[in-house]
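The values are calculated or read from the model by the stated rules, or taken from the named source; none is laboratory data. Given the structure is predicted, the values throughout are model-derived calculations rather than measurements. Cβ placement follows ideal geometry from the backbone for every residue including glycine, while neighbour counts extend to all protein chains displayed. Ligands, DNA and RNA are stripped out before the accessible areas are found, and what is left, the full protein with its side chains, is counted by its heavy atoms. Shrake-Rupley method; radii C 1.70, N 1.55, O 1.52, S 1.80 Å.
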Amino acid sequence: MFKGEGTSGDHHKAESTEARYWDGAVRSSDEASVMEVERRDSVKQPESRSQLRKQEEGRCQAKPFDIDKWLFVEAYSRVKANAGSVGIDRQTLEDFDRDRSNNLYKLWNRMSSGSYMPPPVRAVSIPKKSGGERILGIPTVTDRIAQMVVKLQFEPEVEPHFLPDSYGYRPGKSAIQAVGVTRKRCWRYPWMLEFDIRGLFANIPHELLLKAIDRHTANLWVKLYIRRWLTASLVHADGRTVEREKGTPQGGVISPFWRISFCITPSTDGSVGTFRP
C-alpha cells in the first residue's frame, strides 16, 4: 500500500507494500532480479507480520514515533468506505487513489517523524432545526486518514471507560440500538430525562480537553496530533480564515470521539468536569 518518496535523507527505497507487504517481504522496485535469484537459491521469505515488523524497526530507528504502517492501511479503508466531501484542497478520494501508495507513504513518514501539520479545515454552514446555523469543519482526504490513524490507536484505550448505556460514536454501538433500549424501558418507567450540553462543539476549552486526553493515554504522538488538530484554522467560503482557541468543529473523524472522552472524564474531585460557554 506504500511506496517510498525518494526524498533527500530518506533511507527508504521505493518500497512496494501492496498485498505482498502482508504476505511476503517488503522489497524495492528494483529488486526483482535479486528476488528471482533468491527464489532459485531457496531463500525463505518472511511470512508473518511480526517478521515484517522486525524488518521495519531496523529501517525506522531514526523516527521519533513508531507507528504501525497497517494503521494507515486500515484507516484508508475506513475513510474510503465512509466517502465524504472534499476539504480545502478540493482533492477527492479518486484523486488520492491515483497515487495512493505514495500518498500513504508520505503521510506515514511525516506522522512518524512528528512533522505532520494538519492543513486548515474547510468551513461549511448548515442550518440548525432550533434556529441559527452549525459550522461543519471538513478536513482534507489525507487529514481524514491521519485522524482515523489516531482514532484507531486511541479508541481502545478510552473505550473501557464508557458505560454500557453510552451509544454515541462507539464501535459496535448505534442510535438504533439506543432507540431499541429506550422503547423497552418506556414500559417500565413513566418518565424520561433529556438534556444537552449547550455549545459544546463551539466552546469546549482546549486546556480541559487535553487534560482529559492525558487521563486516557500516555501515547505522545496521539497527544501531539490531537493538540494540532484542535488549533487547525477554519477557512470559510468567502476566504476568511479563523484561528481557533476553543471548541472543535463538527465534521472531523476523531473530533466526536474526543468530545465524548471529555464528557466521561472525572475531575480530580471525582465529578465530571464542567465549563461555561
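Computed values, structure above
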| item | result |
| --- | --- |
| Residue in region 122-129 that is in a loop (DSSP other than H, G, I, E, B) and surrounded by fewer than 17 Cβ atoms within 10 Å (Cβ to Cβ) present | yes |
| Checking residue 269 against (1) at pLDDT 85 or above; (2) open to solvent by 20 Å² or more (accessible area, probe 1.4 Å), the condition it does not meet | (1) |
| Matching entry among 176, 138, 145 (being within 17 Å of residue 252 (Cα to Cα) and either within 13 Å of the chain's Cα centre (by Cα) or open to solvent by 40 Å² or more (accessible area, probe 1.4 Å) (or both)) | 145 |
| Any hit, region 141-149, residues being in a loop (DSSP other than H, G, I, E, B), of a type in the set (Val, Ile, Thr), modelled with pLDDT of 80 or more and within 30 Å of residue 241 (Cβ to Cβ) | no |
| Residue, most open to solvent (accessible area, probe 1.4 Å), within region 66-121, restricted to residues that are over 14 Å from the mean Cα position of the chain (by Cα) and among the acidic types (Asp, Glu) | 94 |
| Every residue from region 67-106 that is outside any helix (DSSP H, G or I), touching a helix residue (DSSP H, G or I) at 6+ places or on another chain (Cβ under 8 Å) and over 18 Å from residue 121 (Cα atoms) | 67, 68 |
| Filter pass, residue 133 being of a type in the set (Asp, Glu), out of contact with any Asp or Glu (no Cβ under 6 Å at 6 or more places or on another chain), within 18 Å of residue 71 (Cα to Cα) and open to solvent by 40 Å² or more (accessible area, probe 1.4 Å) | no |
